[in-house]
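Asks: Sharing a structure with you now.
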Amino acid sequence: MWDNFEPGRLTLCSPDPQAIRPPGEKINFLLVTLPTNFKVARFDADKDTAILRQLEKDVDAARYDAGDGPLELPVKLRVHDSIFVPLAKWAMLLTGNYRCVTQDGAIDIKDAVHRDNETSRAVYNWVCGVCERLGASPNDLVPFEKYAAAANDLVWPPLAARALNNGVPNIERTDRLAQLIAAQFGMRNEVVDRTVAQVDARLAANRKAAA
């Protein structure tokens, strides 16, 4: 499949903003619970990156009129020269989102992060260490304290946990990806291993039920 892609024209955008559809709302109703910015890495060529920078300007200039006058959009696009900046999301996902998957159901990110701050900090910093082994600098990543503060407002279960509760047989596995990459550097984390195993178990149960 990858033979059809030019690596220099492939980039990554970190979906830092959190948006959910609250239970009972219409399908086109989204609640933005964390209006932060999308972080995108540049392309190899300046000409290609110029497309991203134009999108960044267009989003900055966009206004939405809900009837009370034009409003600035709360979520922006931010283009970064470092290709590792979007990887900052990995630590957030493994510290919060995937740890919301429990044997008994889904919990919210605030609970997953703050029920044991020291464990959360250890997981977060470990994942950041994996990113640094890949080539990221500490300046490319987000400090745990900033993420932990934002997590106080994340009082809904994330998409992956809710999807597993709804019986889906497959979800995006950033948890397993980080675990496998870390293993190549001889790095292990017991909490991450337990998280991956928990997600594996829930997926296996869903697949068995769907068979």
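Bear in mind that the values in this text are calculations on the coordinates, not laboratory data. Just so it is clear, the model here is predicted, and its values are computed rather than measured. Glycine gets a Cβ as well: all are built from the backbone with ideal geometry, and neighbour counts include every protein chain shown.
Asks: Compute the signed sum of charges (Lys and Arg +1, Asp and Glu -1) over the other residues within less than 14 Å, Cβ to Cβ, of PRO169.
Replies: Result for the neighbourhood of PRO169: +2.
Asks: Another question, if that's okay. Among (i) 28, 24, 18; (ii) 72, 24, 13; (iii) 25, 21, 15, which one is semi-axes √(5λ) of the Cα gyration tensor in Å computed from these coordinates?
Replies: Computing semi-axes √(5λ) of the Cα gyration tensor in Å and matching it to (i) 28, 24, 18; (ii) 72, 24, 13; (iii) 25, 21, 15 gives (i).
Asks: For the pair ASN28 and ARG115, what calculated FRET efficiency results from E = 1/(1 + (r/R0)^6), where r is the Cβ-Cβ distance and R0 = 22 Å, to the nearest 0.05? Before the final figure, lay out the partial values.
Replies: Details: r = 34 Å, r/R0 = 1.53.
After rounding, the FRET efficiency stands at 0.05.
Asks: Using the number of other C-beta atoms within 10 angstrom as an exposure proxy, rank THR195, THR33, THR95 with the fewest first. Display every interim value, and only then the final one.
Replies: Details: THR195 24, THR33 17, THR95 29.
So the ranking, lowest neighbour count to highest, is THR33, THR195, THR95.
Asks: Summing -39500 (n - 2.57) over the DSSP H runs of n ≥ 4 in the chain and dividing by its residue number, what mean residue ellipticity at 222 nm do you reach, to the nearest 500 deg cm²/dmol?
Replies: Values: 8 runs with 92 residues, N = 211.
It lands at -13500 deg cm²/dmol.
Asks: Here's something else I'd like to know. Considering only Cα-Cα distances, which of the following residue pairs are longer than 19 Å: LYS76/LYS110; LYS39/LYS76; LYS89/LYS110; LYS110/LYS208; LYS110/LYS146?
Replies: Going by Cα-Cα distance, LYS76/LYS110; LYS110/LYS208 fall outside the 19 Å limit.
Asks: Name the residue, out of ALA66, ALA163, ALA182, whose mean-square fluctuation peaks in a Gaussian network model built on the chain with Cα pairs under 10 Å.
Replies: ALA66
Asks: OK, next. List the trypsin sites (Lys or Arg not before Pro) in the range 6-98 that DSSP assigns to loop (not H, G, I, E or B) and whose Cβ has at most 14 other Cβ atoms within 10 Å. Which are they?
Replies: LYS26
Asks: So in the chain, what percent of DSSP beta bridges are antiparallel if you round to the nearest 5?
Replies: Numbers: 10 of 14 bridges.
Bridges in the chain are about 70 percent antiparallel.
Asks: Hey, got a sec? Which trypsin sites (Lys or Arg not before Pro) in the range 139-211 land in a DSSP loop and have at most 13 other Cβ atoms within 10 Å? Can you show the working numbers first?
Replies: On the way: sites: LYS146, ARG162, ARG173, ARG176, ARG188, ARG194, ARG202, ARG207, LYS208; in loops: ARG173, ARG188.
Answer by residue number: ARG188.
Asks: For the range 1-81, what is the percent of antiparallel DSSP beta bridges, rounded to the nearest 5? Let's see the in-between values first.
Replies: Details: 8 of 12 bridges.
In the range 1-81, DSSP labels about 65 percent of beta bridges as antiparallel.
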